[in-house]
Amino acid sequence: MNRKNHTSHTNRYLLLGLSIFCALMMVLSSFSDKAAGPFKVLANVTVIPLQQGINQIGGWMGDLKDNFATLKQLRSENEKLQEQVDALSTENNYLQEEQYEYARLLELYKLDQNYAEYEKTAAHVIGKDSGNWFSTFTIDKGSNDGIEVDMNVLAGSGLAGIVTEVGPTWAKVRSIIDDSSNISGMVLSTSDTCIVSGDLSLMSTGQIAFDSMENNDHVVAVGDQIVTSYISDKYMQGILIGSVSEINVDSNNLTRSGYITPAVNFKNIQEVLVITQTKAELTGADKKE
């Protein structure tokens, strides 16, 4: 304890002595050049470097303080800019979503105009069976909205499927690509009829198959449109199914078959139009399989 006190007193005396020495040197440095020459030399060696060092430290501390203030300001400005970026990103996402929705609704409007002769109601898809394709899906309208079994369902640029089951507020739709789907089709340019069959195994190539088309003198080429036939018992006449992507003469040389690119993107269906009248009601015929 005594040793610590002794050391403390020694340090104080040393600091006091240095302070007196520095003060003396500064006083002496103010004398005339002749009288103070030796002292100025001593001051140049001791006091002036010490002053310069103190000034440099003070300047460095001042710069450090300014740098901290600038850094704090930059952080504040960065936070404000980040908030603006976040707000703009949110707004951009909202605008993109609105743009996509507008494009879908415009497509639905054009589809409605293309088949203006039929009464229709719009519905949203609210569910689908497992898998990548919309082979069967559920819409948000049912018997309370006048939906009935066998009503035709449109999407994209043409035929999506047919209603197979109805609840009060929902309905199930079997699409034309489902394995159990068979449609009487017709080549729009020649009126040749065929059978369009759903085949999920083909959808990886983006196609569905057709067969039983008569092999006659009528020229059916790639790109020709296939629509629902007038002899179909469940599908309204003239609804676009898709376009021919390949056609071949069968081995019996009596019929032709091939593939169709559907008019609907069966990977993504969000909104549909349901024709609110069945083929049986239109023709007055009894419903039949």
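Structure above, values below:
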| read-out | value |
| --- | --- |
| Residue within the range 216-230 that is assigned to a strand (DSSP E or B), in contact with a Cys (Cβ under 7 Å, 6 or more places away or on another chain) and more than 20 Å from Lys279 (Cα to Cα) present | no |
| Residues that are within 24 Å of the chain's Cα centre (by Cα) and of a type in the set (A, V, I, L, M), drawn from the range 123-159 | Ala123, Val125, Ile126, Ile139, Ala155 |
| Residues of the range 256-272 that turn out to be touching a strand residue (DSSP E or B) at 6+ places or on another chain (Cβ under 9 Å), surrounded by fewer than 16 Cβ atoms within 10 Å (Cβ to Cβ) and more than 13 Å from Gln207 (Cα to Cα), as a count | 1 |
| In the range 178-212, residue nearest to Trp133 (Cα to Cα) [restricted to those that are in contact with a helix residue (DSSP H, G or I) (Cβ under 7 Å, 6 or more places away or on another chain) and not in a loop (DSSP other than H, G, I, E, B)] | Ile208 |
| Subset of the range 229-246 [modelled with pLDDT under 95 and under 14 Å from Ser197 (Cα atoms)] | Ser232 |
| Residue match in the range 108-121 (condition: part of a strand (DSSP E or B) and at pLDDT 70 or above) | yes |
| Close pairs from the range 260-289: first under 30 Å from Asn248 (Cβ atoms), partner modelled with pLDDT of 95 or more and open to solvent by 70 Å² or more (accessible area, probe 1.4 Å), Cβ under 9 Å, at least 6 apart | Ile260/Glu246; Ala263/Gln225 |
| Val163 vs. criteria more than 19 Å from Ile269 (Cα to Cα), modelled with pLDDT of 95 or more and open to solvent by less than 10 Å² (accessible area, probe 1.4 Å) | no |
| Which numbered condition Ser243 misses (of (1) open to solvent by 10 Å² or more (accessible area, probe 1.4 Å); (2) outside any strand (DSSP E or B); (3) in contact with a strand residue (DSSP E or B) (Cβ under 9 Å, 6 or more places away or on another chain)) | (2) |
| Residues of the range 205-228 satisfying the condition of being exposed (fewer than 15 other Cβ atoms within 10 Å of the Cβ) and under 19 Å from Ser180 (Cβ atoms) | Asp211 |
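The values are calculated or read from the model by the stated rules, or taken from the named source; none is laboratory data. Remember, it's a predicted structure, so these values are computed and weren't measured experimentally. No Cβ is skipped: glycine too gets one built from the backbone with ideal geometry, and neighbour counts run over all protein chains shown. Keep in mind that these areas ignore ligands, DNA and RNA; they rest on the heavy atoms of the full protein, side chains included. Shrake-Rupley method; radii C 1.70, N 1.55, O 1.52, S 1.80 Å.
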